[in-house]
Amino acid sequence: MISRGERVANYVILTVFAAFALYPIVVILSAALGPADSGGTSGLGNFAAAWEIGRFDSYLRTSLAVSAFVVVVSVILSIMSGYAFGTMRFRGRTVLFYLFMLGIMMPSEAVAVPLYFDLRSLGLIDTFWSITLPQVALSVAFGTFWMRAYFLTSSRAIVEAARIDGASSWRILWQVLLPPARPAVVTLTLLVFMWTWNEFLIPLIMVTSESLRTAPLGLAFFQGQYTSGFTLLAAGSVIVATPVVVFYLFLQRHFVRGLLQGAVRE
């Protein structure tokens, strides 16, 4: 039983950490809504000015397209590979799994230059594929690890019962095991979306066309080319961060359930 003093101490500690985490957000929002450095705009007018000057409509469309492609392909491949590693027994299973794990252990900075030359030899530099394919590969590495952990804890009795009824491995995956795995899949979807949306290095190296710039990359060029003031830069930062915040708030309940699922499953 937690005493009243311990409960108060917990709330005090949580409040301090919450204030520490929220302070930068409050500063950015205050700057974005304050008077512009050069005068003339304030409040919501700063967002309109940043949107028009920085051409964020094009950058956001590119980021949405890239994120949607990476999320869909990565999640589907992760589900299938996680199912194979978590429920099937085949030759070289352990070695192949650790080969997948290299994608988690190797940071994108370590493979960016070799990837550039590989994609250049294939004629894919400065294309949509040069941004998405490397991020799919990196995301599938984590996704395989994540979904394998879930399928390892799935009920063997349900799987065996489905096999006795004549269900194929494909049907067991999509109709038996996947519906209860929705929290884990939603959590993986949200993580991959946030990582893809915030990725800066790969688009910076792989593309030169302005039409292929993602939102974080466009924000960096916006700071250097279009404005040196903090107000419009803060407004642009809020614009770039808003889709991730909205997506997270929309899936927050499933995200928390997915993170806690491994602790409560029997």
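The values are calculated or read from the model by the stated rules, or taken from the named source; none is laboratory data. Remember, predicted model here, so these are calculated numbers, not experimental data. When we count neighbours, we look across all protein chains shown, and the Cβ atoms used for this are built from the backbone with ideal geometry, even at glycine. Calculation scope for accessible area: heavy atoms of the full protein, side chains included, ligands and nucleic acids excluded. Shrake-Rupley method; radii C 1.70, N 1.55, O 1.52, S 1.80 Å.
Please state the shape class of region 82-125: rounded when a/c is under 1.5, otherwise prolate if a/b exceeds b/c and oblate if not, all from the C-alpha gyration tensor.
The shape class here is prolate.
Here each label is just a point 7 Å from Cα along the line to Cβ, and for Thr242 and Met88 those points are 4.5 nm apart.
Please report the net charge: other residues with Cβ closer than 13 Å to the Cβ of Leu138, K and R +1, D and E -1.
-2
Placing a pseudo-label 7 Å from each Cα along the Cα-to-Cβ vector at Arg253 and Tyr98 gives an inter-label distance of 4.3 nm. On the beta carbon distance between Glu6 and Thr153, with R0 = 35 Å, the FRET formula returns roughly 0.60. What shape does the chain take by its C-alpha gyration tensor, where a ≥ b ≥ c are the square roots of the eigenvalues and a/c under 1.5 counts as rounded, a/b above b/c as prolate, and the rest as oblate? Oblate is the answer for the chain, as a/c is 1.5 or above yet b/c matches or exceeds a/b. Accessible surface area normalised per residue over region 114-205 is 48 Å², counting heavy atoms of protein chains with a 1.4 Å rolling probe. In degrees between 0 and 90, to the nearest 10, how far off the longest principal axis of the chain does helix 230-250 point, with axes built from Cα atoms? Between the helix axis and the principal axis of the chain, the angle is about 20 degrees. Once the Cβ-Cβ distance of Phe221 and Arg163 is raised to the sixth power relative to R0 = 45 Å, the FRET efficiency obtained is 0.25.
Measuring nothing but protein heavy atoms, the accessible surface of the chain at 1.4 Å probe radius is 68 percent carbon and sulfur. Our helix-only sum for the chain, with -39,500 (n - 2.57) per DSSP H run of n ≥ 4 divided by its residues, gives a mean residue ellipticity at 222 nm of -25000 deg cm²/dmol.
Among Phe17, Phe90, the sequence by solvent-accessible area, most first, with a 1.4 Å probe is Phe17, Phe90. Distance between the 7 Å Cα→Cβ label points at Met105 and Asp126: 3.7 nm. For a test of the definition: using alpha carbon positions, the gyration tensor, and the 1.5 limit on a/c, classify region 77-215 as rounded, prolate or oblate. In terms of gyration-tensor shape, prolate.
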